[in-house]
Amino acid sequence: MNFTGLKKKTATQFYEKQLKKLSRNDNKRDEAIPKKIKSIGVLADSRLFGGYDLSRNLSQKLKLPHKNFEILIFENLKDDFVTQHYNTFTEKDLGMFGKAKTANVADFINSDYDMLINYCNRNSIFTDVLAIRSNAKFKVGFANEEMQNLYDFTIVVEGNKIDIFNDELAKYLQIFNLIE
């Protein structure tokens, strides 16, 4: 039996409920921002990049070693490059209301990253649910009116231009004195 439609519906319900809670608790989130960013969790969609080396690019821009990044890719398309080089998950790895069913997804959600970067667009409910469930102290994503309560910092970029997003992110993190 295929529960994909039901999973998506319950994940959307959970997401919308949590966004409302976040908008009421805005002042509590400011206390959690780290002094310096050392560990970063990254959510991305396999459609955003083919052979793009996300960890190398981020490592160079943010001047942090590769080992400080944990990347989890939502795999919409079967891509050998992505599955060989990155930790991946699919809708099957999530249960009702977006609860983690596999260890790699649960570990990602429960890790206390200093920063979470979500490179996915707003049509990716499963990555949005993981971003909301994440224990990351500082959350960053593409600017979008609907998601302004989810992220601590958003960046306006036309389309999903990852290089421009990374340049802007590095610039502002330096201004905020969160990276060296």
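Some points to look at:
- Boolean, L58 is of a type in the set (A, V, I, L, M), surrounded by 11 or more Cβ atoms within 10 Å (Cβ to Cβ) and modelled with pLDDT of 85 or more: yes
- Selection within the range 164-180 - assigned to a loop (DSSP other than H, G, I, E, B) and either touching an Asp or Glu at 6+ places or on another chain (Cβ under 7 Å) or not charged (D, E, K, R) (or both): F176, N177, L178, I179
- Evaluating A100 against the criteria (1) under 23 Å from L62 (Cα atoms); (2) surrounded by fewer than 21 Cβ atoms within 10 Å (Cβ to Cβ) leaves one unmet condition, (1).
- Number of the exception - I33 against (1) closer than 14 Å to L116 by Cα; (2) at pLDDT 75 or above: (2)
- Selection count where residues are under 15 Å from the mean Cα position of the chain (by Cα) and assigned to a helix (DSSP H, G or I), scope the range 91-126: 10
The values are calculated or read from the model by the stated rules, or taken from the named source; none is laboratory data. In this text, all values refer to a predicted model and were calculated from it rather than measured experimentally. We place every Cβ from the backbone using ideal geometry, glycine too, and count neighbours over all the protein chains shown.
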